[in-house]
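Shown next, in structure tokens, is the structure this report addresses.
The values are calculated or read from the model by the stated rules, or taken from the named source; none is laboratory data. What you are looking at is a predicted structure, and each value in this text was computed from that prediction instead of being measured. All Cβ positions, glycine included, derive from the backbone under ideal geometry; neighbour counts span all protein chains shown.
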Amino acid sequence: MHHTRWILLILTAALLWLPASSVRATIHNVSIIDFAFSPATVTVNIGDTVRWTHNGAFFHTTTSNSLIWDSGTMTNGMTFDSTFHTPGSFPYHCSFHSLSMTGTVNVNAPNVPPSLTVPGPQSVVVPSQSVNFNVSATDANPQDTVTVSLLGLNPTPSNTTPTFTGTNPKTFNWSPICVEAGTYYAKFQANDGKGGIDTDSVLITVQCTIHYILMDSLKFKPQVETVGIGEKVCWIQQDPLCPSPCFHTTTSDGGAWNSDTMFTNDTFCFIFNNAGIYPYHCIPHQIDGMNGTIVLCAGTTGDVNASGGAPNLQDVIYLVNFVFDKSRVSPPCNGTDPGTCWPVNPLCRGDVNGSTGTPNLQDVIYLVNFVFDK
């Protein structure tokens, strides 16, 4: 116990006897030569010390213009120290040679870290929405140049990459897709280049647009579902007319998907990324008429004949023929005779009133009014 006490006393004494230069801030040296200070201007930080050393032959002083310090008369070999605790610019002179011997001590203000500004939590439903917001930073030191950067998303998106453009503010833009549904943290940083850093994060929740189709009473409900590119369709098996161990499937006619066996309360989902018409069926009950169609249209509603122009009389005629001409069937057609098949499928283009069903008389009336009611 006595040994420990003696060790502590020895360490304390050693610290007390350390040279002053080892425990204080940086010392900046200025040489006093005859009729000049070298260097004439020094820049220091708060808490630093300036040491003037007389290296000339004549009497000189280092005297603050505002009398903050005054060395008094100095001769060769003498030194004078002054420690600066306030930011600002401090001119000084030699009292004996005030016209020619002048200098300045510039004291930097303490560096204040920048302040980052980010928005609150973001929530989007894809693919119809994207994430878009600004991130900015301010700095109390007007001479600082602040760099704003995106450090990344956690977790990293599997398919898409966000952009972060501009200077300050900068714009974050991200268009996630359905397979990336989930929760993310976007982390940002502001850096003033002088050691001052501020970081912050934005919570981003990505949800997917989901269309639900029930397997009920040996039918798909709805039988025809119109979706957008990148949207998800989920089939739910809830058929009371299918007694156990009965099961259903949702199986693409063209092989794009196959749910395999689905029993009561089972769910199967598929994301549609390519425009087209997707007929499908239930394998064990196709003979019972358990069929459906997914319509993914990339065309413009009302441009029924896909001419690329604004809806006009030709689109009205095409839609009327489609609705009332029962001798032809809508694609995909079983036959190869173009005379029995519509060259352009008007299922989504012709859904003019937005009912999401197969085009009918109401769509014809809506389109006629749109084209002719100027």
Checklist entry - Checking residue 125 against (1) out of contact with any Gly (no Cβ under 7 Å at 6 or more places or on another chain); (2) under 24 Å from residue 269 (Cα atoms); (3) modelled with pLDDT under 95; (4) assigned to a loop (DSSP other than H, G, I, E, B), which test does it fail? => result (4)
Checklist entry - Is segment 23-44 home to any residue that is among the small types (Gly, Ala, Ser), surrounded by 15 or more Cβ atoms within 10 Å (Cβ to Cβ) and in a strand (DSSP E or B)? => result yes
Item to check | Options 67, 116; residue that is at positive phi and either touching a residue at least 12 places away in the same chain (Cβ under 8 Å) or assigned to a loop (DSSP other than H, G, I, E, B) (or both) | outcome: 67
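A quick yes/no check of all residues on (1) over 27 Å from residue 371 (Cα atoms); (2) assigned to a loop (DSSP other than H, G, I, E, B):
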{"site": "269", "(1), (2)": "yes, no"}
{"site": "302", "(1), (2)": "no, yes"}
{"site": "308", "(1), (2)": "no, yes"}
{"site": "316", "(1), (2)": "no, no"}
Checklist outcome for this item: All-but-one check, residue 223 against (1) within 14 Å of residue 280 (Cα to Cα); (2) modelled with pLDDT under 95; (3) surrounded by 15 or more Cβ atoms within 10 Å (Cβ to Cβ), failing number (3)
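Which residues, taken from segment 241-261, are under 39 Å from the mean Cα position of the chain (by Cα) and either charged (D, E, K, R) or under 16 Å from residue 213 (Cβ atoms) (or both)?
Just the residues of segment 241-261 that are under 39 Å from the mean Cα position of the chain (by Cα), to begin with: 250-252, 254-260.
Of everything in segment 241-261, those that are under 39 Å from the mean Cα position of the chain (by Cα) and either charged (D, E, K, R) or under 16 Å from residue 213 (Cβ atoms) (or both) turn out to be 250, 251, 252, 256, 257, 258, 259, 260.
Looking only at segment 175-231, count every residue that is within 30 Å of residue 277 (Cα to Cα), in a strand (DSSP E or B) and of a type in the set (Ser, Thr, Tyr) and tell me the total. Let's see the steps before the verdict.
Initial filter on segment 175-231 (within 30 Å of residue 277 (Cα to Cα)): 175-182, 206-231.
When the remaining residues are screened for being in a strand (DSSP E or B), the result is 182, 206-208, 210-216, 219-221, 224-227, 231.
Still in the list and also of a type in the set (Ser, Thr, Tyr): 212, 226.
Residues flagged as within 30 Å of residue 277 (Cα to Cα), in a strand (DSSP E or B) and of a type in the set (Ser, Thr, Tyr) within segment 175-231 amount to 2.
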